[in-house]
Amino acid sequence: MICESLTRDIILTVDAEQVQKHRDILNAAERQRIEEMRARRRKLVDLRDQDELPLKEFTEAMLINEKPPDELTPQEKSVKRWLDRLLAEKISAAEYLEFLQGIPPPPPPPKAIFCIHCGARNVADNVFCFQCGKRLK
């Protein structure tokens, strides 16, 4: 049996000017995004410095401001909309804080119990261990 190996050369031509133009467009968009983020941070710091935004709310606003939009929870998305309005000076800091007071705190995590047979962690409402299947209570 005869094995033949075939090789094919691929010649790729690149227009350096086109690549640089595309890179410049991307860099400009990234620079603009970074500058917008800095401006938002500056406004939040100014609100904090003027004692219009308490430390806790300032910290939460900074975290939400930095978080990518696709990682926000529904509650955080709502807060982000109000934060955007605050930073665009469409509402006052007092109105923003009033909105935040109306948001219920997140529910506490479910309590855990441990199986006396295998030691696995289980939700307190479980009747049987999810690991070994034996009765918990």
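The values are calculated or read from the model by the stated rules, or taken from the named source; none is laboratory data. Just so it is clear, the structure is predicted and the values come from calculations on it, not from any experiment. Positions of Cβ are backbone-derived with ideal geometry, glycine not excepted, and every protein chain shown enters the neighbour counts.
Taking residues in segment 58-82 that are outside the structural domain of Arg42 (by TED's automatic domain parsing) and closer than 15 Å to Phe99 by Cα, and partners anywhere that are surrounded by fewer than 16 Cβ atoms within 10 Å (Cβ to Cβ) and charged (D, E, K, R), not one pair has Cβ atoms closer than 9 Å while being at least 6 places apart or on different chains.
Being more than 30 Å from Phe130 (Cβ to Cβ) and of a type in the set (Val, Ile, Thr) holds for only one residue in Ile113, Ile25, and it is Ile25. Just one of the numbered conditions (1) among the polar types (S, T, N, Q); (2) closer than 30 Å to Phe130 by Cβ; (3) exposed (fewer than 10 other Cβ atoms within 10 Å of the Cβ) is not true of Gln75: (3). Scanning segment 95-137 for residues that are basic (Lys, Arg) and surrounded by 11 or more Cβ atoms within 10 Å (Cβ to Cβ) gives Arg121, Lys134, Arg135. Tallying residues that are surrounded by 16 or more Cβ atoms within 10 Å (Cβ to Cβ) and either acidic (Asp, Glu) or more than 18 Å from Pro104 (Cα to Cα) (or both) within segment 78-92 yields 3. Across segment 85-103, not a single residue is classified as under 19 Å from the mean Cα position of the chain (by Cα) and of a type in the set (Asp, Glu).
The rows are residues; the columns are (1) surrounded by fewer than 10 Cβ atoms within 10 Å (Cβ to Cβ); (2) modelled with pLDDT of 95 or more; (3) over 25 Å from Ser92 (Cα atoms).
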{"residue": "Glu4", "(1), (2), (3)": "yes, no, yes"}
{"residue": "Thr7", "(1), (2), (3)": "yes, no, yes"}
{"residue": "Leu12", "(1), (2), (3)": "yes, no, yes"}
{"residue": "Arg23", "(1), (2), (3)": "no, no, yes"}
{"residue": "Gln32", "(1), (2), (3)": "no, no, yes"}
{"residue": "Leu53", "(1), (2), (3)": "no, no, no"}
{"residue": "Glu60", "(1), (2), (3)": "no, no, no"}
{"residue": "Asn65", "(1), (2), (3)": "no, no, no"}
